Amino acid sequence: MSESTQALEKKSGLSEILGNVDWRTYTMVFALIIIWIIFAYTTNGVFLEARNFSNLMRQATITGVLAVGMLMVILPGHIDLSIGSVAGLAGGLAAIAQTWGNYGFVTSLLIGIGTGLVIGFIHGLLVAYGNIPAFIVTLGGLLAWRGVIKGISKGNTIPVSLEQFKQIGQCYLMKPVGLALAGAAVLAIIFFALRRHQSQKRYGLEQSAAKLAVQILLPAALAVGFVYALNKYAGVPVPVMILVVVALLGAFITQNTTFGRYLYAIGGNPEAARLSGINIKHHLLAVFSIMGALAGLGGIIYTARVGSAAPDAGRLLELDAIAACVIGGTSLMGGRGTVFGAILGAIFMASLDNGMSLKNFEDFTQDIVKGVILVAAVGLDMIGRKRS
């Protein structure tokens, strides 16, 4: 047997075990590990200490939540530049409702998320039915919604008065609760892997035992290790749990529903999607509404974490979310991307912020580094598209 044949068989076996995972995902994981090693070495291990790891995960939460919504907007080939301003307005109105209006916890939450949902719906209407480019609509929104919160607050910072509200961004789950959730995650991973295995077996597509073992052991080890690392400090932060729930829902919608498959179809070839009977306008209205609601949720988490709402809160969050999606493998041309990749991108961006802050990098240096990485990610995406 020739060396080339042996190499091909070896590659096929590895591919079977690892599954059809996009090469960008491996690249992203590898880059993240490299970044963590560099920052751990240059900060004498402080970067990977339990306390800083917990802070890092909390930093990634808001970008991660927004990135899930941004992914759904980008998949059909659009963009939302207003979510930082929408998050600032939603968090500001939630703080005003409880501090100036004496409204309760639930009402404040509904006002924050509802504000984002209504704004997203308006954006969706203008894009889908007004035929105005999303770039223009949301660029206008970036300025307009920032102006609204400045006008309402008169330029003042509004403190959060409800302790319940602050807990959304500042509290931790008890350690036994985190361990119980990790156990539940492992059981769920085993259940779905075996169910998929049985389903494939019925159609004569039985996979090897090695592949099944990898599909169970790898995510199970990640889930347990993740909770263990966070429990070494104070437990799983509440905002991280919110991100996990949002990410799971986002992954289910994009990968396991007709709605999600249509988003990929619209981004891949809009004309073919239209001719096949997909209602593109309805789907655009829906994704911008979802994006708005998640921007409202992100604004609430941000306001709860800092304990107050400032008129400039959420500035440049839209760029972080877009960067997280692109770095995680989402194509700005639409039709390609995953929630898992977007979350990895959010952790990557938070790692850069956290590591450079520990190294006392100036703000302008951090902006330059993040800008260069974003351009490089888009460049790689364009090169990949040309080759495909």
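The values are calculated or read from the model by the stated rules, or taken from the named source; none is laboratory data. The model shown is predicted, which means the values in this text are computed figures rather than measured ones. Virtual Cβ from ideal backbone geometry, glycine too; neighbours counted across all protein chains shown. Heavy atoms of the whole protein, side chains included, go into the accessibility calculation; ligands, DNA and RNA do not. Shrake-Rupley method; radii C 1.70, N 1.55, O 1.52, S 1.80 Å.
Figures for the structure shown
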item	result
Stokes-Einstein diffusion coefficient of region 196-302, Kirkwood radius over Cα pairs, 20 °C, 1.002 mPa s, in µm²/s	123 µm²/s
Spin-label pair Ser357/Arg51, simplified geometry with 7 Å Cα→Cβ offset, distance in nm	1.4 nm
Accessible heavy-atom area order of Met241, Met70, highest first, probe of 1.4 Å	Met241, Met70
For region 207-267, alpha-carbon Rg relative to the globular expectation (2.2 N^0.38 Å, N residues)	1.52
Gain upon complete extension [Trp100, Asn156; 0.36 nm per residue less C-alpha separation]	18.9 nm
In degrees, nearest ten, helix 50-74 long axis to first principal axis of the chain (Cα)	90 degrees
Size-normalised alpha-carbon gyration radius of the chain, reference 2.2 N^0.38 Å	1.03
Rounded FRET efficiency, nearest 0.05, which uses the C-beta distance separating Thr42 from Phe121 and R0 of 45 Å	0.45
Helix axis angle, 363-387 relative to the chain longest principal axis, alpha carbon, degrees	40 degrees
Carbon plus sulfur fraction of accessible area for region 232-300, probe 1.4 Å, in percent	67 percent
Cα-based shape type of region 49-167, given that a ≥ b ≥ c are square roots of the gyration tensor eigenvalues and the cut on a/c is 1.5	oblate
Cα long-axis angle, helix 175-202 against the chain (0 to 90 degrees, to the nearest 10)	40 degrees
In the chain, lysine pairs with alpha-carbon atoms under 24 angstrom apart (chain gap of 8 or more, or interchain)	12
Förster radius 35 Å - calculated FRET efficiency between Ile33 and Thr258 (Cβ-Cβ, nearest 0.05)	0.45
Protection proxy ranking, peptides 86-97, 29-40, 117-128, average beta carbon neighbours within 10 Å, highest first	86-97, 117-128, 29-40
Gyration tensor verdict on region 322-386 (Cα atoms; rounded if a/c is under 1.5, prolate if a/b is larger than b/c, oblate otherwise)	oblate
For the chain, accessible area per residue (1.4 Å probe, heavy atoms of protein chains only), Å²	50 Å²
Distance in nm between pseudo-label sites at Leu110 and Gln198 (7 Å out along the Cβ direction from Cα)	4.2 nm
Fraction of accessible area attributable to carbon and sulfur, region 30-89 (%, probe 1.4 Å)	66 percent
Three-way shape label, region 244-388, alpha-carbon gyration tensor, a/c 1.5	oblate
Other-chain or far-sequence residues with amide H under 5 Å of Ala309's (modelled H)	Ile158, Val160
Rounded FRET efficiency, nearest 0.05, which uses the C-beta distance separating Ala188 from Ala234 and R0 of 25 Å	0.50
